[in-house]
1. Among all residue pairs at least 6 apart or on different chains, which show Cβ distances below 6 Å where the first residue, located in segment 28-47, is closer than 18 Å to Leu82 by Cβ and the second is part of a loop (DSSP other than H, G, I, E, B) and among the aliphatic types (A, V, I, L, M)?
2. Working carefully through the options Leu91, Leu78, Leu62, Leu82, find the one that is outside any helix (DSSP H, G or I) and in contact (Cβ under 8 Å) with a residue 40 or more places away in the chain.
3. Identify, please: which residue in segment 116-169 is β-branched (Val, Ile, Thr) and assigned to a loop (DSSP other than H, G, I, E, B) and is, among those, farthest from Phe87 (Cα to Cα)?
4. Would a scan of segment 78-99 turn up a residue that is on the phi > 0 side of the Ramachandran plot and either under 14 Å from the mean Cα position of the chain (by Cα) or small (Gly, Ala, Ser) (or both)?
5. Give the residues of segment 1-37 that are part of a loop (DSSP other than H, G, I, E, B), of a type in the set (A, V, I, L, M, F, W, C) and surrounded by fewer than 11 Cβ atoms within 10 Å (Cβ to Cβ), sorted by residue number.
6. Quick one: count up the residues across segment 38-59 that are part of a loop (DSSP other than H, G, I, E, B) and not β-branched (Val, Ile, Thr).
7. Say we look at segment 1-49 and pick out the residues that are in contact with a helix residue (DSSP H, G or I) (Cβ under 9 Å, 6 or more places away or on another chain) and small (Gly, Ala, Ser); which of these is farthest from Ile102 (Cα to Cα)?
8. Need pairs with beta-carbon distance below 6 Å; first residue over 17 Å from Ala122 (Cα atoms) and within segment 149-175, second acidic (Asp, Glu); sequence gap 6+ or separate chains.
Amino acid sequence: MDRATLIRRAFHLTSPVWLIWYWMPPDSWIGVKKEYVLLFFLCGALLIEAARLITGRRIVGLRDYEQDRMSAYAWGSLGLALGLLFFPGQLVIPTFWGMAWIDPLCGYARRRGRYPQYPVLAYLGLWLAVSLAVVPLAPYRTAPIGGLNLVLLGLVATALAIAAERPNLKYVDDDFLMFVVPLLALAGLMLL
């Protein structure tokens, strides 16, 4: 496995650390509303991405096709910011974690001839486990979902995330789609 692949996988697997958002008090630890802290980090990431695209600099870990378009990192940051700002934690936490850990598994499963079976089973299991074990621990903006609703939402999230990961679109990365597509559908279902 080459260095760029290791960097991408490490970034994916560690990205759920940003879900610390749900454990931060509303005024953050520095006396600033946490929404402003989030927007500060998002703007910083997007400015770095814009500078990269304008200057043509190569960043280790990017795929070749990302050199002249918005990177997966930027798309993932944008999606997570939208999720954190506008959607409830009980949907964001397992759905983001699913994108972060299952997207790398999809490539591995394809190479082994186990796609989509492995990713589907892993995503559903992870979504349910995170919903049951992590979401109840988050004190802010979350309320656990239980019973049949949890399983139904997990099945919908799984189907949509794996379907959103499959196409290789030129302008929108699967890191964004694997998170936002299920999140929108789950939020709609929650309204029903």
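The values are calculated or read from the model by the stated rules, or taken from the named source; none is laboratory data. What you are looking at is a predicted structure, and each value in this text was computed from that prediction instead of being measured. Reconstructed Cβ throughout: ideal geometry from the backbone, glycine too, with neighbour counts over all protein chains shown.
1. Taking only residues 6 or more apart or on different chains, the pairs are Lys34/Met24.
2. From the options Leu91, Leu78, Leu62, Leu82, the qualifying one is Leu62.
3. Val134
4. no
5. Hits for segment 1-37 are Met1, Trp29, Ile30.
6. Summing the residues that are part of a loop (DSSP other than H, G, I, E, B) and not β-branched (Val, Ile, Thr) in segment 38-59 gives 3.
7. Once the filter is applied, the top-ranked residue is Ser28.
8. Asp174/Glu165
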